[in-house]
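Peer 1: Structure below; questions to follow.
The values are calculated or read from the model by the stated rules, or taken from the named source; none is laboratory data. Since this is a predicted model, take the numbers as computed values, not measurements. Methodologically, a virtual Cβ is constructed for each residue, glycine included, from the backbone with ideal geometry; neighbour enumeration extends over all protein chains shown.
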Amino acid sequence: MRAERISSGDEKNDWTVILSDSQPDQQLGFETISDFESLTIPIKRTGKLILLDALADSVSGSLILDSGASGLVLNSIYFRDGRPKKGYQTGGITGRVEQLSQKRIKSLQFDEVFFENIQADLADLGHLEAARQTKIIGFFGLSLFRGFEVVINLRQNLIELYRLDASGNRLRPHPVVKPDLELPMYNYSEIYFIEGRISNKRHTFCLNTGAEVNVLHNYLPDKIMKTITKRSTLHGSGQ
């Protein structure tokens, strides 16, 4: 999958991500059962997190839209009987996730978007629920929206989905607002990266909608890290 661009609209709160590869969903291990050409889905906000109401098998709750995740991760508090995922390590900004397991979900639904036969990782996310006082059944990456153009409209709290053809164009043309900024980005292992500059040196940043703050690696040169203004406690998939 190739991500072509990220752009901000006139309100500086509308962000567009183009997912232009029409590779069949089955190659990701799941199948999308939806025939719409365009769809608008309401989102919720808790802090700076983006949440979608979802139904995974018979469990309802909120899923975090996390473009820093490569797939679907479900909260092991609500999903049991997972099989150990041997020989595989994963984690987040707060460290490695221990005792990772997997489970195949029969169905996953966002509004009118349906997925079947989808593989999910399981991790204990109880600490995230406690921090946000919200029922969080998991988080998912943009790979679930393969073959769509995704418009994240933070001003109106909406996500717009437009199905793309094999050339990466919308099946049904819709008016497109010319953005005032476009940034190139690239996809690596279903995670999106953009390039920025600090002290006139190029650095790579992960575009992560699951992050509520901007974060720098603490191994960057001293002239970048020389001023620390405060310290924070972080909550993530790794406790």
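Peer 1: Do you know which residues across the stretch 107-150 are over 17 Å from residue 61 (Cα atoms) and part of a helix (DSSP H, G or I)?
Peer 2: Of everything in the stretch 107-150, those that are over 17 Å from residue 61 (Cα atoms) and part of a helix (DSSP H, G or I) turn out to be 142, 143, 144, 145.
Peer 1: Any residue in the stretch 106-117 that's under 15 Å from residue 141 (Cβ atoms): show its pairings with residues that are part of a strand (DSSP E or B) and of a type in the set (D, E, K, R) at Cβ separation under 9 Å, as long as the two are six or more apart or on different chains.
Peer 2: Once the first residue is under 15 Å from residue 141 (Cβ atoms) and sits in the stretch 106-117, its partners that are part of a strand (DSSP E or B) and of a type in the set (D, E, K, R) give 108/116; 110/53; 115/31.
Peer 1: Moving to a separate point now. Suppose the filter is basic (Lys, Arg) and more than 29 Å from residue 77 (Cα to Cα); does residue 135 pass it?
Peer 2: No: the conditions fail for residue 135.
Peer 1: hydroxyl-bearing (Ser, Thr, Tyr) and within 24 Å of the chain's Cα centre (by Cα) - does that describe any residue in the stretch 210-231?
Peer 2: No, the stretch 210-231 contains no residue that is hydroxyl-bearing (Ser, Thr, Tyr) and within 24 Å of the chain's Cα centre (by Cα).
Peer 1: Could you please let me know if residue 103 is at negative phi and modelled with pLDDT of 80 or more? First the steps, then the outcome.
Peer 2: Numbers: at negative phi: yes; modelled with pLDDT of 80 or more: yes.
When the stated conditions are applied, residue 103 passes them.
Peer 1: Right, next: Looking at the stretch 118-157, which of the residues that are of a type in the set (Asp, Glu) and farther than 13 Å from residue 51 by Cβ is surrounded by the fewest Cβ atoms within 10 Å (Cβ to Cβ)?
Peer 2: Top of the filtered list is 124.
Peer 1: Could you check residue 169 against (1) within 19 Å of residue 207 (Cβ to Cβ); (2) without any contact (Cβ under 8 Å) to a residue 40 or more places away in the chain and say which number it fails?
Peer 2: (1)
Peer 1: Looking at 111, 165, can you tell me which residue is under 22 Å from residue 40 (Cα atoms) and at pLDDT 85 or above?
Peer 2: None of the others qualify; the one that does is 111.
Yes or no, residue by residue, for (1) under 25 Å from residue 43 (Cβ atoms); (2) touching a Pro at 6+ places or on another chain (Cβ under 9 Å); (3) at pLDDT 80 or above:
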| position | (1), (2), (3) |
| --- | --- |
| 170 | yes, no, yes |
| 175 | yes, no, no |
| 180 | yes, no, no |
| 185 | yes, no, yes |
| 217 | no, no, yes |
| 237 | yes, no, no |
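Peer 1: Which count do you get for residues in the stretch 172-206 that are within 17 Å of the chain's Cα centre (by Cα) and either among the hydroxyl-bearing types (Ser, Thr, Tyr) or part of a loop (DSSP other than H, G, I, E, B) (or both)?
Peer 2: 5
Peer 1: I've got another one for you. Out of all the residues in the stretch 123-141, is one or more modelled with pLDDT of 85 or more, among the aromatic types (Phe, Trp, Tyr) and under 21 Å from residue 68 (Cβ atoms)?
Peer 2: Yes: one or more hits.
Peer 1: Within the group 161, 181, 171, which residue is of a type in the set (A, V, I, L, M) and more than 28 Å from residue 113 (Cα to Cα)?
Peer 2: One residue alone meets the criteria, 181.
Peer 1: Of (1) touching a strand residue (DSSP E or B) at 6+ places or on another chain (Cβ under 8 Å); (2) among the polar types (S, T, N, Q); (3) not in a loop (DSSP other than H, G, I, E, B), residue 209 satisfies all except one. Which?
Peer 2: With respect to (1) touching a strand residue (DSSP E or B) at 6+ places or on another chain (Cβ under 8 Å); (2) among the polar types (S, T, N, Q); (3) not in a loop (DSSP other than H, G, I, E, B), residue 209 is out only on (3).
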